[in-house]
Structure formats: structure tokens, C-alpha cells
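Here is the structure we will look at, set down as C-alpha cells.
The values are calculated or read from the model by the stated rules, or taken from the named source; none is laboratory data. Just so you know, these numbers come straight off a predicted model, no measurement behind them. A quick note on method: Cβ atoms are made from the backbone with ideal geometry, for glycine too, and the neighbour counts reach across all protein chains shown. Note: accessible area is taken over every heavy atom of the protein model, side chains too, but ligands, DNA and RNA are not part of it. Shrake-Rupley method; radii C 1.70, N 1.55, O 1.52, S 1.80 Å.
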Amino acid sequence: MKVKKPMRIWIIRRKYWVAGGCLLLAAVMFWVVNIPSVIGVSATERQLPIYCVQRDEKVLSISFDAAWGNEDTQTLIDILGKYKIKATFFVVGSWVEKYPESVKALHDAGHEIMNHSNTHAHMTQLSKDEIIADINACNEKIEAVTGVCPTLIRPPYGEYDDNVISAIRSIGMEPIQWDVDSLDWKELASPEITQRVTSQVQSGSIVLFHNAALHTPEALPGIIEALIQDGYTFVPISQLILEQPYTIDHTGKQLPDTSQPPATKETGTPAGYFFPPAAA
């Protein structure tokens with residue numbers, strides 16, 4: 001009898017474990033069937049703009065946001081012209097209204113004029129229709145001055161969510177961020193701006209400056225010369241980003257999608273992709 005008791009206890013305990021396991025399995029199945037939205041949220045990948053681009057050659061883009069002042073725009077045009085560099089300027093619609101002559105001067109100098117929203121609103125607080133209306137309003141103002149409709153947009157404050165990115169891409173535009181922030185808007189000294197940019201740049205980088213930052217005109221020539229000496233060439237963002245098909249990884253880097261056949265106008269666009277309008 002003393003030998004059998006442990007076996008009896010084990011059998012009883014095993015029954016409890018089996019019963020408990022069945023109850024746990026039933027609970028999991030109930031959760032899966034009745035709360036699929038939770039699973040959907042966890043399985044959905046966040047939509048991302050382009051922060052930088054995978055490029056084998058030493059090439060990068062410098063960009064400027066124009067939303068407020070206009071004191072240095074012509075100076076920037078002159079500096080970029082000296083080095084024969086074309087940059088991308090993201091301008092706010094209200095800035096276009098206030099400084100149309102500067103918008104035209106930038107365009108005439110060969111720089112890209114792209115969208116930075118109409119009023120510099122927080123797009124994450126807007127509905128999809130409101131976002132689209134805001135973007136179109138800015139596009140119309142830019143096109144009225146330059147004759148070219150923007151194909152790229154940088155959301156104000158660098159803020160975005162899935163709704164913002166989805167709205168932008170639904171009208172055939174591409175959202176652009178940056179991977180190198182000069183922090184020139186903080187009025188950093190010229191050497192500090194130069195160090196930040198030159199130490200962080202890599203092939204395919206997008207650098208963020210502002211057209212009215214205090215020390216940007218002072219820092220820009222040294223940055224350009226250092227990068228040229230390091231073997232870099234400069235192109236507008238529309239020439240930096242990849243054509244379809246592509247993917248964007250979790251860091252925001254745009255990569256060629258080798259799993260998809262190249263899209264052409266003859267064969268059509270692979271599912272899930274679009275052709276952005278050709279940049280002028």
C-alpha cells in the first residue's frame with residue numbers, strides 16, 4: 001500500500017494538469033476567435049516615410065524646410081550655385097504666398113520645390129480628407145509660381161502616423177523625412193552644425209536644414225567642401241530615391257525590392273506599388 005500511494009497522487013495530479021491545460025487551451029481559442037482585432041493590431045506593420053536610401057555610390061541629398069523667415073534664401077541659392085549643387089526645398093503654402101519671388105528664384109536656380117503642408121498644421125490631428133485638402137492647397141500654390149506640381153512632402157514637425165502616410169500615398173506623393181538632422185534651428189554654432197552633419201552622413205543620406213536658421217549659411221560651405229573631399233556627390237531627393245519596386249525597412253531606409261519584377265509602363269505596376277509622377 002505504501003508503494004502505491006505515490007502513484008495514486010501522481011495520477012490525481014496528472015488529471016489536474018490535463019484539465020487545467022484544456023481550460024487554458026479553450027481560453028486561448030475563445031480569445032483568438034472573439035478578439036481578432038487585437039491580433040490584427042499586433043501583426044500590422046507601421047507605415048513609414050523615407051528617411052534615407054540604400055545607395056552603393058557616395059551620393060546624398062541636402063534639404064531645407066521653409067516655413068517662417070526668408071532672410072537667407074538668396075544667400076543659400078548663391079552658396080549652392082557656387083558648388084553647382086541642386087537641393088530640395090520643402091515650403092509651406094503660406095510661405096509661398098508671402099515670398100513668391102523667393103520660390104521662383106529657387107526654381108529658376110534649378111532646385112526642387114516640394115510640399116511642407118499648407119499651414120504647417122499638425123497632420124496627426126487631421127482626418128484623411130483634411131490632410132489631402134491641405135496637401136493639395138499647397139501643391140496648387142507652388143505650381144502657380146513654378147509651373148511644377150510637387151511629388152514629395154515633408155509633414156510638419158516630422159510628425160506622422162499611419163493615417164498621414166496613407167493619405168499622402170493615396171494621392172501618389174511620397175513622404176520624406178531625414179536621417180541627418182543639422183539641428184540648425186537650435187542656433188547651434190557653425191562648427192557644431194558642421195560636425196553633426198559630416199560625422200553622420202552616409203551613402204543615401206537625406207540631410208535636414210532650415211532656410212532661416214541663424215548659422216546655416218556660415219556652416220554650409222564647409223560642410224559641402226568636406227563632403228566633396230570625401231567623395232560625395234549631391235542630388236535632389238527625387239533623384240536619390242528609388243523607383244518601384246521598393247521596400248522600406250523598420251528604420252525608414254528605402255531598399256530595392258528584389259522579390260518583385262521591375263515595373264514598367266508596358267507591364268504595369270506590381271500590386272501594392274505606384275509610380276510617383278516624374279519630377280521636373
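With K and R counted +1 and D and E -1, the other residues having a Cβ less than 13 Å from that of VAL148 yield a net charge of -2.
Once the Cα-Cα distance is subtracted from the 0.36 nm per residue extended length, the GLU57 to LYS104 segment shows a gain of 13.7 nm. Summary of packing: across the peptides 170-176, 245-251, the per-residue average of other C-beta atoms within 10 Å ranks them, highest first, as 170-176, 245-251. The 3J(HN,Hα) values that the Karplus relation (6.51, -1.76, 1.60; θ = phi - 60°) gives for segment 86-92 are, in residue order, 9, 10, 10, 10, 9, 10, 7 Hz. Gly and Pro appear as x.
Rounded to 0.05, the FRET efficiency of the GLU140 and GLN195 pair, given R0 = 45 Å and the Cβ-Cβ distance, is 0.65.
About the centre of its Cα atoms, segment 156-236 shows a dipole size close to 120 debye [charges on the beta carbon of Lys, Arg (+1) and Asp, Glu (-1) only; nearest 20 debye]. Solvent-accessible area of segment 49-89 (1.4 angstrom probe, protein heavy atoms only): carbon and sulfur portion equals 51 percent. Students often get this wrong: which residues of segment 129-171 have the backbone nitrogen under 20 Å from the point 7 angstrom along Cα-to-C-beta of GLN260? Residues passing the 20 Å test: 151-153, 162-171.
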